[in-house]
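To start, the structure itself, in structure tokens.
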Amino acid sequence: MSPRLVPARDDSVRRTDHPLTVTVDGEPVPGIAGQTLAGVLLAAGRTAWRTAGSGAPRGVFCGIGVCFDCLVTVNGERDVRACTRRAHDGDAVTTQSRRSGDPGDARAGERP
Amino acid sequence: MHRTRAVVLGAGIIGAACARELAVAGLDVLVLDRGGAAAATTAHGEGNILVSDKGPGPELDLALLSRRLWPEVLADIAARSAGRPPRPASDQAAPPATRAAEWEPKGGIVVATTAEGAEGLTRFAAGQRAAGVRAEAMDPHELRAAEPFVTDRHTAALHYPDDAQVQPSGAALVLLRDALAHGAELLTGHEVLGAVTRAGRLVAVRTARGPVGGDVFVNATGPWSGEVSARLGAPVDIRPRRGEILVTTPLPPTVFHKVYDADYVGAVGSADTGLQTSAVVEATRGGSILLGSSRRHAGFDDRLRPEVLSAVAATALRLFPALADVPVMRAYGGFRPYVPDHLPVIGADPRLAGLWHAGGHEGAGIGLSVGTARLLRELLLGDRPSLDADPFRVDRPAVLGTSDGARDTHAGSTGPPDSTGTPAQAGASGPAAVADPDQAAARNMTEEGA
Amino acid sequence: MRRRSVVVVGAGPAGLAAADTALAAGADVTLVDSAERPGGQYHRMLPDAYGARAPEAVQHGYRSFERRVRRVLDHPRCSWWAGAEVWALERRDPGGAAPAAPAPSCPPPKVHVLAPAPGGGPRRRHVLEPDALVLATGAHDRVLPFPGWDLPGVCTAGAAQALAKGERVVVGDRVVVAGTGPFLLPVAVSLLEAGSTVVEVVEAGARARVARGWLGRPWELGAQAGKAGELLALTGVLARHRVPYRFGRAVVAARGDGRVEEVVTAAVRADWSVVPGTERAAAVDVVCVGHGFTPRLELPVAAGCALRPGPRGTSEVYVDVDDDQATSSPGVYACGEITGVAGAPAARTEGALAGWLAAGGAPRAGAVRALRRRRDQGRAFARRLAHAHPVGAAWPGWLRPDTVVCRCEETDYATVCAAAQDPTATEARAAKLATRAGLGPCQGRVCGPTIAELRHRHGTGQPPAGPTDPGSHHRPLAQPIRLGELARPPAPPAPDRPDLAHLPPEESGS
């Protein structure tokens, strides 16, 4: 276990969680309303989701929308910064790859 | 024995190609540039090597020569650097010396989306075929197979297998490095300020760092040719024509050829007099898609004009509606070297011995560079030219600024701060030879990017 | 007489203060920020959906901040554009390689904004034509590359802070916080508060130099004394949690299989050259790094504002402002970290001054004199911080030839050096196209200053750029814009206010 959400019962800010679920490459991932997609992915234990051209994994780096490392496709929209996009219940997140030949790169027939 | 010293002014792709051609021929070559190499017009274009957009005539002849030369030149460079005999360049596994050129003979596809466009395209292609251009009609299935994301609303499509693409700045550096390998010298940070003449002959150019002497001088300063030639006392009417390009984030393979819109879209964006946009869409090796292009006269004003970018985007989306959700991450603009009669200027300046010009290619300079350099070398050394160079001669009314209205759109030209030459209008006079230059432009089916 | 209209870009401490005083001076204000809530990176707010009943638990100065937010956002003359991005500025003055000095009466650039459409869907374009423009776009962490910095689990100090404060996500269990500058301290404290184990805080600067910078000549600090006290208090928190705060050490490598498992630190000399034999590895799952800040200069550069070199050397530039926070571009004011990094109080002071003067407030009012005095103290504090936390010139010593420098395009150090020494690639643009460094989706926001510094250091030709060349900050598109959004014409301005599309985005959609 590594990145995680501070449990609501221990949280000094005294928050109330409203659960939501997104899918990542078809797999359901739980989160809470208000989280960014990057927050949802990290709290679910995913530290990397994009693949660079060399095949190197990428996740959150700058966390504030500057570095574009955390790009994902959301509901068919490419190149969304996961660190600045709020998660919505039912969001379909697809991971991206710049390695040629990867499924995330040259998906046959998928519109860009 | 004294070798002829050729001083090439400008280290863009035309200067680089000329320097290489002259150095390979054994001349003592020096390349001067105000800034660094391959960073101005050359680095702000799309890298088009096109035959598809030119109707029969001298420019098409030059384009066909250049298209034949490009793979030969790249193969020669690869062979020289590897120390082996040349073999034809291949787009696969380019050797290190030429890899940066990103040569891709991917072919072009011109798409019409209206009935009139289809008719014009078909007629235009017939003329091109007669002039030796391969232009193959595509049926809707062939177009769909070749470009799955292109608009369904097309009325005609033509495949031009000989259209090709390079990364222009990289290609210029490949040519320049080969020139240096053949003994040429590069001096960056040297701005030409004026001429030193002796007995009516140009013997040196003055720079802020002192005079630079030579036997022949080749003005290859692109859109700055007008200014530089005026400083040298033999002005030619080459002006900047602004163009803008949009660059998307890297995408999965989406656009496979160079794809153009056959329907010339004039005067989009009512606030911009003279703005013209036409769709030019292509992928780069890095995965981005380049979207062009715009043309407008704005002098050297480099301000970003969001409405121009908007017009470029709208025009491109008509061709590729599927790209609507794709982010543009960068936009850049450049200045094309524009001549009112839309023909390059290649040859000796009859007004000033020792001065030669190689410029005025507007949006086609990347493609035409190697043919221009070959022709220049042949003319300069008195060899038999590969094609008739007369249409490109310097002393034609459009070049000498004597054609009707030649000056009226010359916006933003800043006069030379200092010149020993006479910047006054010189030489030939006579009636305008070109009836309507913009009609000449409109005859070009598509206009390539800056 | 028509009221003056002021557009403020950025709703962090500087921008909020600017909006506040511009309203007080009687102007119509449009406040634009890409986030959903005001506060910027400093007052990183929890989302409304969290229903937090005690947000002040993680917010420094929450009460006064909240008062100011309410005063500004509820003001009848303020239009608050949340989640809106300024993607371009369109200059009215002549451009060109050597533009003549624009007339002082020239209006500021048109502001091109992308705002959320009501009910979702593609964002709408809006064009604002204010009488004055206040830029308060802030800064992001600068991170120097090191082997392994592209592994998942290496993130900026700001990322850890944003996730902990902004959405209560901790980036890892065992964390090393490293780099240089006082910002490392609040980040480490945020991580502790959220439950991480902070293994150590590693400051590359020498202890004596840092202490002299923070605490020396206390009579000069003036209004900034509180900031110095805050830093001392944070070191106290570290001590209570028994977190070592080490000086004169730097992260020189991160290792792991697919993510960070181990971080290597080493002792560095004053110039950040590594002392051989001092390398030490520690098991971690996250490394948070920050080597100072890079100001977000896209918009100032697009507006044609002159820049000036920062106190830490030629690879860092800031917006040049005069005594009135006015830039060289007519009608354009700048405040906060784009003019120098001195923390939130100094940014607020600059913002208050900029907003008041941009709105046409009296320049010699008593309160303005006090603001100028405090602003000058803030500038002095920025210089102290810069001198206390310089980037040592020998840092590239920890790079290897295959260390990635440009994260987007994965250009390595050897390639950058080779291009810097290539006599045909003396122009930064030609080198960029040749190496691809800076051509990727981040457009050089992360690697730009590093590439500029490495080219300057290894270049054999002419110096690639003057000290205030906008070079790596020149991004005419300040934010990505989707083709469909770009292709649509802008939303028409409000009929009663042709100078300023004054309707908030939710009312302006059709």
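How about region B:1-107: which helices (runs of 4 or more DSSP H) wholly inside it have at least 2 residues that are open to solvent by 40 Å² or more (accessible area, probe 1.4 Å) and either over 27 Å from B:Pro253 (Cβ atoms) or out of contact with any strand residue (DSSP E or B) (no Cβ under 7 Å at 6 or more places or on another chain) (or both)?
Filter on region B:1-107 gives B:58-82, B:96-99.
So how many residues does region C:192-228 have that are within 14 Å of chain A (Cβ to nearest Cβ) and under 21 Å from the mean Cα position of the chain (by Cα)?
Within region C:192-228, residues that are within 14 Å of chain A (Cβ to nearest Cβ) and under 21 Å from the mean Cα position of the chain (by Cα) number 0.
Could you run through region B:187-206 and say how many residues are within 23 Å of C:Asp422 (Cβ to Cβ) and in a strand (DSSP E or B)?
Qualifying residue count for the region: 1.
Condition first: closer than 13 Å to A:Trp49 by Cβ, at the interface with chain C (Cβ under 7 Å from one of its Cβ atoms) and among the aliphatic types (A, V, I, L, M). Now tell me which residues in region A:65-87 satisfy that.
Matches in region A:65-87: A:Leu71 only.
Among the residues in region C:176-189, are any facing another protein chain (nearest Cβ under 7 Å) and surrounded by 22 or more Cβ atoms within 10 Å (Cβ to Cβ)?
Within region C:176-189, none of the residues are facing another protein chain (nearest Cβ under 7 Å) and surrounded by 22 or more Cβ atoms within 10 Å (Cβ to Cβ).
For region C:211-231, does any single residue satisfy the condition of being in contact with a Leu (Cβ under 9 Å, 6 or more places away or on another chain), of a type in the set (Lys, Arg) and modelled with pLDDT of 95 or more?
No; the residues of region C:211-231 include none that is in contact with a Leu (Cβ under 9 Å, 6 or more places away or on another chain), of a type in the set (Lys, Arg) and modelled with pLDDT of 95 or more.
Out of all the residues in region B:109-122, is one or more more than 13 Å from every other protein chain (Cβ to nearest Cβ), open to solvent by 40 Å² or more (accessible area, probe 1.4 Å) and under 24 Å from the mean Cα position of the chain (by Cα)?
no
Please go through region C:161-175 and give me each residue that is facing chain A (nearest Cβ under 7 Å) and in a helix (DSSP H, G or I), ordered by number.
C:Ala162, C:Leu163, C:Glu167
Could you run through region C:282-294 and say how many residues are outside any strand (DSSP E or B) and either within 24 Å of the chain's Cα centre (by Cα) or not assigned by TED's automatic domain parsing to the domain that holds C:Trp149 (or both)?
Count: 1.
Take region A:1-45 and flag every residue that is part of a loop (DSSP other than H, G, I, E, B) and either open to solvent by 40 Å² or more (accessible area, probe 1.4 Å) or acidic (Asp, Glu) (or both).
A:Met1, A:Pro7, A:Asp11, A:Ser12, A:Arg14, A:Thr16, A:Asp17, A:His18, A:Asp25, A:Gly26, A:Ala44, A:Gly45
For region B:311-336, how many residues are touching a helix residue (DSSP H, G or I) at 6+ places or on another chain (Cβ under 6 Å), open to solvent by 10 Å² or more (accessible area, probe 1.4 Å) and among the small types (Gly, Ala, Ser)?
Matching residues across region B:311-336 total 2.
With (1) in contact (Cβ under 8 Å) with a residue 40 or more places away in the chain; (2) buried (at least 17 other Cβ atoms within 10 Å of the Cβ); (3) facing chain C (nearest Cβ under 10 Å); (4) touching a strand residue (DSSP E or B) at 6+ places or on another chain (Cβ under 8 Å) as the list, and A:Phe61 as the residue in question, which single condition is left unmet?
(1) is the only condition that A:Phe61 fails.
Quick check on C:Pro463: is it modelled with pLDDT under 75 and either in a loop (DSSP other than H, G, I, E, B) or within 30 Å of C:Ala418 (Cα to Cα) (or both)?
Yes; evaluated as a whole, the condition is true for this residue.
Which members of region C:104-125 meet the condition of being open to solvent by 10 Å² or more (accessible area, probe 1.4 Å) and in contact (Cβ under 8 Å) with a residue 12 or more places away in the chain?
Hits for region C:104-125 are C:Pro104, C:Ser105, C:Cys106, C:Pro107, C:Lys110, C:Pro116, C:Ala117, C:Pro118, C:Gly119, C:Pro122, C:Arg123, C:Arg124.
Looking at C:Leu297, C:Leu353, C:Leu307 in this structure, which one is open to solvent by less than 10 Å² (accessible area, probe 1.4 Å) and either farther than 27 Å from C:Gly226 by Cβ or modelled with pLDDT under 95 (or both)?
Answer to the check: C:Leu297.
Would you mention how many residues in region A:1-26 are in contact (Cβ under 8 Å) with a residue 12 or more places away in the chain and hydroxyl-bearing (Ser, Thr, Tyr)?
Qualifying residue count, region A:1-26: 3.
Only residues that are in contact with a strand residue (DSSP E or B) (Cβ under 7 Å, 6 or more places away or on another chain), buried (at least 21 other Cβ atoms within 10 Å of the Cβ), within 13 Å of chain B (Cβ to nearest Cβ) and at pLDDT 95 or above: list them for region C:395-430, please.
C:Thr411
I'm trying to understand the selection: among the residues of region B:129-144, which are basic (Lys, Arg) and free of Cβ contacts under 8 Å to residues at least 24 places away in the same chain?
Of everything in region B:129-144, those that are basic (Lys, Arg) and free of Cβ contacts under 8 Å to residues at least 24 places away in the same chain turn out to be B:Arg129, B:Arg144.
Exactly one of (1) part of a strand (DSSP E or B); (2) within 14 Å of chain C (Cβ to nearest Cβ); (3) open to solvent by 50 Å² or more (accessible area, probe 1.4 Å) is unmet by B:Arg177. Its number?
The failed condition is (1).
Quick check on my filter: what residues within region A:32-55 are facing chain C (nearest Cβ under 7 Å), under 12 Å from C:Asp150 (Cβ atoms) and either β-branched (Val, Ile, Thr) or in contact with a strand residue (DSSP E or B) (Cβ under 8 Å, 6 or more places away or on another chain) (or both)?
A:Ala48, A:Ala52, listed by residue number.
Please report, ordered by residue number, the strands (runs of 3 or more DSSP E) entirely within region B:207-253 with at least 3 residues that are touching a helix residue (DSSP H, G or I) at 6+ places or on another chain (Cβ under 9 Å) and modelled with pLDDT under 95.
Because the criterion is at least 3 residues that are touching a helix residue (DSSP H, G or I) at 6+ places or on another chain (Cβ under 9 Å) and modelled with pLDDT under 95, the strands (runs of 3 or more DSSP E) in region B:207-253 that meet it are B:239-248.
Here is a yes/no grid of residues against (1) open to solvent by 20 Å² or more (accessible area, probe 1.4 Å); (2) in a loop (DSSP other than H, G, I, E, B); (3) modelled with pLDDT of 95 or more:
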position: B:Asp341; (1), (2), (3): yes, yes, no
position: B:Gly367; (1), (2), (3): no, no, yes
position: B:Val370; (1), (2), (3): no, no, yes
position: B:Leu376; (1), (2), (3): no, no, yes
position: B:Asp383; (1), (2), (3): yes, yes, yes
position: B:Pro391; (1), (2), (3): yes, no, yes
position: B:Thr402; (1), (2), (3): yes, yes, no
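Yes or no: B:Ser278 crowded, with 22+ Cβ neighbours inside 10 Å, closer than 27 Å to B:Gly401 by Cβ and modelled with pLDDT under 90?
no
If a residue has to be without any contact (Cβ under 8 Å) to a residue 24 or more places away in the chain and more than 7 Å from every other protein chain (Cβ to nearest Cβ) to count, how many in region C:431-442 make the cut?
Of the residues in region C:431-442, 1 are without any contact (Cβ under 8 Å) to a residue 24 or more places away in the chain and more than 7 Å from every other protein chain (Cβ to nearest Cβ).
Assess whether B:Ala145 counts as being assigned to a helix (DSSP H, G or I) and more than 27 Å from the chain's Cα centre (by Cα).
Judged against the criteria, B:Ala145 is a match.
Taking only region B:123-148 into account, find how many residues are crowded, with 18+ Cβ neighbours inside 10 Å and either within 14 Å of chain C (Cβ to nearest Cβ) or under 30 Å from B:Val370 (Cβ atoms) (or both).
The total comes to 7.
The values are calculated or read from the model by the stated rules, or taken from the named source; none is laboratory data. Just so it is clear, the structure is predicted and the values come from calculations on it, not from any experiment. Positions of Cβ are generated from backbone atoms using ideal geometry, with glycine treated the same way; all protein chains shown enter the neighbour counts. Side chains are part of the model used for accessible areas, which takes the heavy atoms of the whole protein and leaves out ligands, DNA and RNA. Shrake-Rupley method; radii C 1.70, N 1.55, O 1.52, S 1.80 Å.
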